[in-house]
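A short reminder: the numbers here are calculations on the coordinates, not readings from a lab. Everything quoted here is computed from the prediction, not taken from an experiment. A quick note on method: Cβ atoms are made from the backbone with ideal geometry, for glycine too, and the neighbour counts reach across all protein chains shown.
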Amino acid sequence: MKIIKPNPKTHPLTWRVNKNKTLFLKEYIQKDGYKILKNSLIKKTPQDIINIVKKSKLKGRGGGGFYTGLKWSLISPKKNDNEIRYFLCNADEMEPGTYKDRFLIEHIPHQLIEGIIISAFAIQANKGYIFLRGEYINCINILNIAIKEAYSIKFLGKNILNSNFNFDLYLHTGAGRYICGEETALINSLEGKRPNPRFKPPFPATIGLWGKPTCVNNVETIFNIPSIIKYGSEWYHNISNSKHDSGTKMLGFSGNVNNPGLWELPFGTPARLILEKYAGGMKKGFFLKAWQPGGAGTSFLTKNHLDLPMDFINISNAGSRLGTGISLVIDNSISIISILKNLEIFFARESCGFCTPCREGLPWIVKILNNLEKKRGSKKDIYLLKDISNQLINGGSFCALAPSAMEPLNSALKYFLNEFKNGIIN
């Protein structure tokens, strides 16, 4: 296997492996795996780790983009050694078209585990769970092996590396609900309850899993931790091409492109470069009509937005969200109404049903889109879509699922209004 050693322009997540092999314990240690953990537990305090991550300005990679170090600092220091707190890894990844976390787990599971242990040490948690999407069968098998390996050489368990730090890690597979991407719904599901989001406050940092202080971070977020601790916050800033965001991001394109996939690239890489150089451009006979920059719950953008740097601020300023960073191409052969209907069917099905606007509003939108797709719509349908959308996106629902579902709808009405009008009976 060819090993690329990191430098200021090398990407910290994926340099250790090729795309066809899982790096298990023996090889991971040969490539200096767990050395950063040793340095962290023996030479640094929990507050040292938090300070480094805060200075790095690492943002959550699950879609929200909240500062990771700040999130950790919201959990107060332990009052005594008997206090229980939890660190949870969100590996549910139910966003349609997104597969970055699966890729990372399948290829470098021990980097996830090393990152989890360091993160748990930072917030002084002694128990952790990986909440994994149940359909990821290969990931289940790989993580079970990797966790067992980590226990076998006492990187997990009691008194890790003679540091007096104890940490146990468990794998929990979810039942397959998109809403579990919301951290409090994930916590409810882990407790064996219906996965409804919780009222906030209190926030998980104070009252989380089983009423104890809890931190939830995404897989890709955690993968950044070992490299940040090893090379420092200044290095992490320097590998980014963005004025707004530090580090790298797993970015990709799927759809009718020649080379669909994902690549770890510096923040600020233009979308056009990713589409044309890495994804190989559009397939012969197809033309770009629109694209979603970060999953099903992000607003459509057009070819006029392709030169945007891929970072949280620039994509937000264009009227969408970076989200997961895995983009979907909509080509000229696809009806915007049809793809929009499929997206809204997904969101309607995945609603937890807790609040009326989401539970009733999303199926209503699906019915309207179905009529427009079959060219059986009425003149009031466009008004109804705008009215329902405004109610759902402006705080009318309990959590962010419905507002996310409205982003593609609102942007479709903005850029492709004529396709809605074509579905109306004259």
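With respect to the chain, whose longest principal axis is taken over its alpha-carbon atoms, helix 46-56 is tilted by about 40°. From the alpha carbon centroid of region 31-68 to that of region 168-223 is 21 Å. Our summary gives region 249-331 a relative contact order of 37 percent, counting only alpha carbon pairs under 8 angstrom and 6 or more residues apart.
Here the label points at E135 and I313, each 7 Å from Cα along the C-beta direction, are separated by 3.6 nm in the simple model. Net length available on complete extension from I425 to N332 is 31.1 nm, with 0.36 nm assigned per residue and the Cα-Cα distance removed. Checking [x] 0.93; [y] 1.43; [z] 1.00 against Cα Rg over 2.2 N^0.38 Å calculated from these atoms, the matching label is [z].
Compared with the dominant Cα axis of the chain, that is its longest principal axis, helix 137-152 is turned about 10°. Note: relative contact order over region 127-241, using C-alpha pairs below 8 Å and six or more positions apart, is 18 percent.
Across the chain, the relative contact order, built from alpha-carbon pairs under 8 Å that are at least six residues apart, equals 15 percent.
Taking the chain as a Gaussian network of alpha-carbon nodes connected by springs under 10 Å, the highest mean-square fluctuation of the residues A405, A150, A318 belongs to A318.
Computed about the Cα centre, the dipole magnitude for the chain is approximately 340 debye when only Lys and Arg (+1) and Asp and Glu (-1) carry charge, each at its Cβ.
Straight Cα distances below 19 angstrom link K283 to the aspartates and glutamates D331, with same-chain residues fewer than 8 positions distant left out. Other residues lying with their Cβ under 14 Å from the Cβ of K38 contribute a combined charge of +3, Lys and Arg counting +1, Asp and Glu -1.
Between Y67 and T302, the FRET efficiency estimated from the beta carbon spacing at R0 = 30 angstrom works out to 0.45.
Taking Lys and Arg as +1 and Asp and Glu as -1, the other residues whose beta-carbon sits under 13 Å from that of A146 total -2.
Positive contributions from Lys and Arg (+1) and negative ones from Asp and Glu (-1), summed over other residues with Cβ under 10 Å from the Cβ of L401, come out at -2.
Counting only DSSP beta bridges whose two residues both lie in the chain, roughly 40 percent are antiparallel. A simple rule links phi to the HN-Hα coupling: the Karplus curve 6.51 cos²θ - 1.76 cosθ + 1.60 with θ = phi - 60°, which for region 91-104 gives 10, 6, 6, 9, 5, x, x, 10, 8, 5, 5, 4, 4, 5 Hz, with x for Gly and Pro.
Percent of alpha carbon pairs in region 216-277 separated by more than 19 Å? Here the long-distance tail beyond 19 Å is 39 percent of all Cα pairs in region 216-277.
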